[in-house]
Each structure stands twice: as C-alpha cells, then as structure tokens.
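Read the structure below first, then the notes.
The values are calculated or read from the model by the stated rules, or taken from the named source; none is laboratory data. Small disclaimer: the values here were computed from a predicted structure and weren't measured. Counting neighbours? That spans all protein chains shown, and the Cβs are built from the backbone with ideal geometry, glycine included.
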Amino acid sequence: MTEQHPADDRFVLDPATGDLHGDNRRLREAGPLVPVTAEGVPAWAATQYATLLTVLTHPSLSREIRHWAARDELPPGTAIDRIVTDTSMLNAEGEDHRRLRTAVAGAFTARRLEGLRPKIEALTGRLIDRLAEMPPDQPVDMRKEFAYPLPREVISELIGIPQAHQEELHELSDAVAQVGGSLDDTPELRKALHELLGQIIDERQDTPGEDLITDLFRLRERDGGRLSTEELFATIELLFIAGHVTTVNLITNAIGALLNVPGQLDLLRSGKCPFSAAVEETLRWDSPIAYFPMRYAVRDLEIDGVHLRAGEPVLACFASAGRDPGQYGTAAHVFDLSKPPASHLSFGHGPHFCLGAPLARLEGEIALSALFAAFPDIAPAARPEDLAPLDTLLGNSYRSMPVFLGPRAR
C-alpha cells in the first residue's frame, strides 16, 4: 500500500501493492504533483490527467538523464534503474530522438501492420485451438496461455528472432513478463537476456530478411554508421521487451474487466460496441503501465502551482490519470463500453508517443474478439481481489488470470 511518510511528507510507492487504484486515488487527492519515494528515489508524481499531459509535452522537462541532479544516487538493479539508463530512443531528445525513432518507424507503418494481420489471426487461431484442448471445467491461466504467447510471437516475427534462439529467449522473457516458469526477473536474468539478444544481432548480420534487425543494419550502412552498435542493440532490446510485455498486460486486463464487470461482454457480443472500444476502455480504466520514470526539469519551473527545481525528476502516473474524475467525471472509476470512446494517455503523448500503439491495438482487438467468440460460456475462476498483482512499479496487471473456458462454440 502507498503510505505517506511522516518524516518528509512523501508517499512511498509500494511495487507490490494490492490496491493500485486506491493508492492512486489518494495520490490524486493529495494534488496534481505529489512528492513520492519510488524504489528509494525521491520524485514528483504527476497524478492527474491534465498535469500528466503537461509533463509529457513540457519543453523544459527532458528524458535525458544528464539533467537529473541526483542521478549518482540511483539505487542499482531496480526497475527505475533499467528504464532511466536505457540508451535507446526512449531517453533521447531532439535530433537524436528523431534519428533513432525514424530508424524503427518503418516497422510500424500501416502497410507492414496490415501485412502482419493474417499472421496475428493465424497465431490467435492456433492458441484458441490449444485452449480448446484443455479441460473446459478446469481453471486455465489466460495470462500464461493466451495473453502472453500472442504478442511474444508477433514481436519475435517483427524483429526477426531466429527459430533456433526462440526457446531460450522465451524462457528468459517469461520471467520479464511474469507469467510463471522457473526463473525470476533479476538483474542476472536481464544480463542473460541482454547477452542473448546481442548474440542474435551478431548472427543476423549475415542473414538479412524482412524484419526490423535487417532494417536497422541497412540504415546503418546508408547513414555511414551514425547508428552506433550500442544504439542498435538498445533499440532492439527496447522493442522486444516493451513490444510485448505491455500488450500482455493489456489483453490480461481486458479479459478480467470483460468477465467481471456485468453487462460489458453482452455489449460486444450483441454488436452494440466494437472490440476496439474494449481495448480503448481497458487502456483508460486499467492502464498496462502503472508508473513510468522519468522526466527531469532542465530549469526551475512551475506546473499547476507546484514549483520544480532544476534537476528534479517527475514520475508519470498513467494508471492514475486514466481514472481521474477531473478528466472523466464522477464515473471515472467505472468500466463502461457504452460511453463514447475517451481519449487516454496510456501510450504517452507528444514526441515520445508509443510507436507500437497501432500494433498493440491490433493484437488486442484480434485476441479478444477471437477468444470470446470461441468460448461463449467463459467465466472467471477467481475474484479480482483474490488475484496477485505484478510485483513491479512499472506494470499494472495480475500474475495470473484464471478462467473456466467451458465448451468451444460449434
């Protein structure tokens, strides 16, 4: 649970909280920018929609770690450490950000995504077939058996992961996505994943194909090596992890909402609402990302009446902004597909808007429509309050999503 520390008037964010949305409600009530401690790091938390929008687009807030006054005091090995020290486009600004983003934008064009659609549909169909072979009256973990393998396979295809390495890579990414297995997400595991991706990149130099790794190699040849080896590697690692873990949370959270909020699934099955509405409402109501570090004040400034000093970090509270009554009204806490589609910030905003947003939306729509068409009697096998949350500051989802599938539709 998030607690307010009496000594310094800071809220301490608990990565293992069992009540993320309750924590966020208390943070919003405390103000638009709230002093918090996250994994031992003092920061400001942007808790409300309008404030977060300002933070995401403010010209005097940068993602470049050189602007962080206390960067040398960052505890190593934490989720925050992994994010803020990333050397990909994630933490670049200006010309460097445009250069790195342009390098991968081609992988997410409408043409390439439409080319992926048949593969996503075929993979979803195979996963449905596998689910149908499981006992219909026994709990099945939809996170592990459905929400996870779909985006994992899609991003492997998009990036160009050779079949020979997929089993080992999947075992490591299982721990990162928290879908069970024998491994835990530790700094040592992240190092092993880093080394394996490096090996894959080295091997792929001699085996070009229609994939992102090949695109990046060709770009480096064309621009005379401006894309460094470190940048190339960091970009591929970012896209592999970010390109599927957050979509796992999206699909998991959507399944949970549709099964546990009365009447919502009926709106989809009757055709009154499209499955795209379920994806967007899930992104708003139960964002796949809880808190995301960091932006740094490059000068003294004021946001919503709060004074930030140069060098201070700001944490983006995506799950909190999605339930802000100031943006969505008094029913912000209600999952409701019948309302007009609401804008949300779950993919960010401005120059750092998520490149993979169209792919995540496409995967979510295909997965949900196929699942609920295949299993008309699907039902939850546990109450939401009894499900274990992810033990991470970044992700917002459950470690498992057990359901009773029931018989497959004929």
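Whether any residue in region 110-127 is among the hydrophobic types (A, V, I, L, M, F, W, C), in contact with a Ser or Thr (Cβ under 9 Å, 6 or more places away or on another chain) and closer than 17 Å to residue 370 by Cβ is what I want to check.
No, there is no match, as no residue in region 110-127 is among the hydrophobic types (A, V, I, L, M, F, W, C), in contact with a Ser or Thr (Cβ under 9 Å, 6 or more places away or on another chain) and closer than 17 Å to residue 370 by Cβ.
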Candidate set: region 305-336, residues that are aromatic (Phe, Trp, Tyr) and under 21 Å from the mean Cα position of the chain (by Cα); chosen: the one farthest from residue 50 (Cα to Cα): 335
Only one of these conditions is not met by residue 234: (1) under 22 Å from residue 151 (Cα atoms); (2) part of a loop (DSSP other than H, G, I, E, B); (3) aliphatic (A, V, I, L, M). Which number is it? (2)
Say we look at region 271-304 and pick out the residues that are without any contact (Cβ under 8 Å) to a residue 60 or more places away in the chain and farther than 20 Å from residue 364 by Cβ; which of these is nearest to the chain's Cα centre (by Cα)? 302
Among the residues of region 296-306, is there at least one that is modelled with pLDDT of 95 or more, in a loop (DSSP other than H, G, I, E, B) and touching a Lys or Arg at 6+ places or on another chain (Cβ under 6 Å)? yes
I want to confirm something. Restricting to region 76-115 and keeping residues that are in contact with a Lys or Arg (Cβ under 8 Å, 6 or more places away or on another chain) and among the charged types (D, E, K, R), which single residue is nearest to residue 295 (Cα to Cα)? 93
List the residue pairs whose Cβ atoms are under 8 Å apart, where the first residue sits in region 218-240 and is without any contact (Cβ under 8 Å) to a residue 40 or more places away in the chain, the second is part of a loop (DSSP other than H, G, I, E, B) and among the charged types (D, E, K, R), and the two are 6 or more positions apart or on different chains. 220/226
For region 238-273, how many residues are assigned to a helix (DSSP H, G or I) and over 13 Å from residue 335 (Cα atoms)? 18
Among the residues of region 17-69, write down those that are of a type in the set (Gly, Ala, Ser) and part of a helix (DSSP H, G or I). 22, 30, 50
When region 341-363 is examined, which residues are found to be surrounded by 20 or more Cβ atoms within 10 Å (Cβ to Cβ) and in contact with a Ser or Thr (Cβ under 7 Å, 6 or more places away or on another chain)? 346, 360, 363
I want to confirm something. Restricting to region 218-232 and keeping residues that are crowded, with 19+ Cβ neighbours inside 10 Å and either under 12 Å from the mean Cα position of the chain (by Cα) or not charged (D, E, K, R) (or both), which single residue is modelled with the highest pLDDT? 232
Odd one out for residue 338 among (1) surrounded by 14 or more Cβ atoms within 10 Å (Cβ to Cβ); (2) out of contact with any Phe, Trp or Tyr (no Cβ under 9 Å at 6 or more places or on another chain); (3) part of a loop (DSSP other than H, G, I, E, B): (1)
Give 114, 133 a once-over and let me know the one that is acidic (Asp, Glu), modelled with pLDDT of 95 or more and either loosely packed, with under 14 Cβ neighbours inside 10 Å or in contact with a helix residue (DSSP H, G or I) (Cβ under 6 Å, 6 or more places away or on another chain) (or both). 133
Residue 215 being over 25 Å from residue 395 (Cα atoms), surrounded by fewer than 16 Cβ atoms within 10 Å (Cβ to Cβ) and more than 21 Å from the chain's Cα centre (by Cα): no
Members of region 308-360 found to be within 16 Å of residue 254 (Cβ to Cβ) and among the acidic types (Asp, Glu), listed by number: 336
Residues that are of a type in the set (Ser, Thr, Tyr): list the helices (runs of 4 or more DSSP H) wholly contained in region 129-211 that include at least 1 such residues. 149-159, 163-177
Inside region 305-315, the number of residues satisfying the requirement of being free of Cβ contacts under 8 Å to residues at least 60 places away in the same chain and crowded, with 16+ Cβ neighbours inside 10 Å is 0
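Among the residues of region 361-380, is any in a loop (DSSP other than H, G, I, E, B), touching a residue at least 12 places away in the same chain (Cβ under 8 Å), among the charged types (D, E, K, R) and over 16 Å from residue 280 (Cα atoms)?
For region 361-380, residues in a loop (DSSP other than H, G, I, E, B), touching a residue at least 12 places away in the same chain (Cβ under 8 Å), among the charged types (D, E, K, R) and over 16 Å from residue 280 (Cα atoms): present.
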Pairs only if they're at least six apart or on different chains, beta carbon under 7 angstrom, first in region 176-193 and closer than 21 Å to residue 239 by Cα, second basic (Lys, Arg) and at pLDDT 80 or above; list them, first residue then second. 178/399; 179/143; 179/144; 190/82
